[in-house]
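I have placed the structure first, in the form of structure tokens, so that the comments after it can refer back to it.
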Amino acid sequence: EYKLVILSSGGIGKSALTCMLEILDTAGTEQFRNLYMKNGQGLTLVYSIIAQSTFNDLQDLREQILWVKGTEDVPMILVGNKCDLEDDLEDGKEQGRNLARQWCNCAFVETSAKSKINVNEMFYDLVRQINRKTPVEKKNPKKKSCMLL
């Protein structure tokens, strides 16, 4: 079981990205955002590549996450959504790549919820990050007892 949280400004299509998984979408729940950040194992920060204001909100969101988590070692992916609309908006992609590099090589992917581009890959990457951070607990084999007579 994985607890994933998706964060962004409103109206950029993040809810449409969550249709295949049960994921906490923080839309309209600002009062619970810190709780979701604290309990989420992996965090997805989404912006619209065609809306600069949504990109501008990312740094504050990330700082809030790091503050709530108390660490910079947080499974996280930066997502530039609406890549199907990017005809001549190369800046949106490059801005995302640059920001991901600034964030200690945070994972970055461009998606389109509408065209189903990289939606699965986005979540696969985040789950892989969680798995790397949380090692699988090894089961202790049952010890056999023997008695010497």
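Would you mind working out the magnitude of the charge dipole of region 3-133 relative to its Cα centre, with +1 at each Lys and Arg C-beta and -1 at each Asp and Glu C-beta, to the nearest 20 Debye?
Value, rounded to 20: 600 debye.
Can you flag which of LYS3/LYS116; LYS38/LYS133; LYS69/LYS114; LYS93/LYS133 are past 20 Å Cα-Cα?
Violating the 20 Å limit, Cα to Cα: LYS3/LYS116; LYS69/LYS114; LYS93/LYS133.
With every protein chain kept in place and ligands, DNA and RNA left out, what is the accessible area per residue of region 3-133? Probe 1.4 Å, answer in Å².
53
May I ask you to give the percent of accessible area on region 3-133 that is carbon plus sulfur, with a probe radius of 1.4 Å?
48
Extending each Cα 7 Å along its Cβ direction at LEU85 and ASN120, get the distance between those two points in nm, one decimal.
The answer from the label model is 2.6 nm.
Projecting each Cα onto the charge dipole of region 3-133 (Lys/Arg +1, Asp/Glu -1 at the beta carbon, about the Cα centre), which of GLY42, ILE12, ASN120 comes out farthest on the positive side?
Farthest towards the positive end: GLY42.
The values are calculated or read from the model by the stated rules, or taken from the named source; none is laboratory data. As the structure is a prediction and not an experimental result, all values here were calculated from the model. So basically every Cβ, Gly included, is an ideal-geometry build from the backbone, and we count neighbours across all protein chains shown. Only protein heavy atoms, including side chains, enter the accessible area calculation; ligands, DNA and RNA are left aside. Shrake-Rupley method; radii C 1.70, N 1.55, O 1.52, S 1.80 Å.
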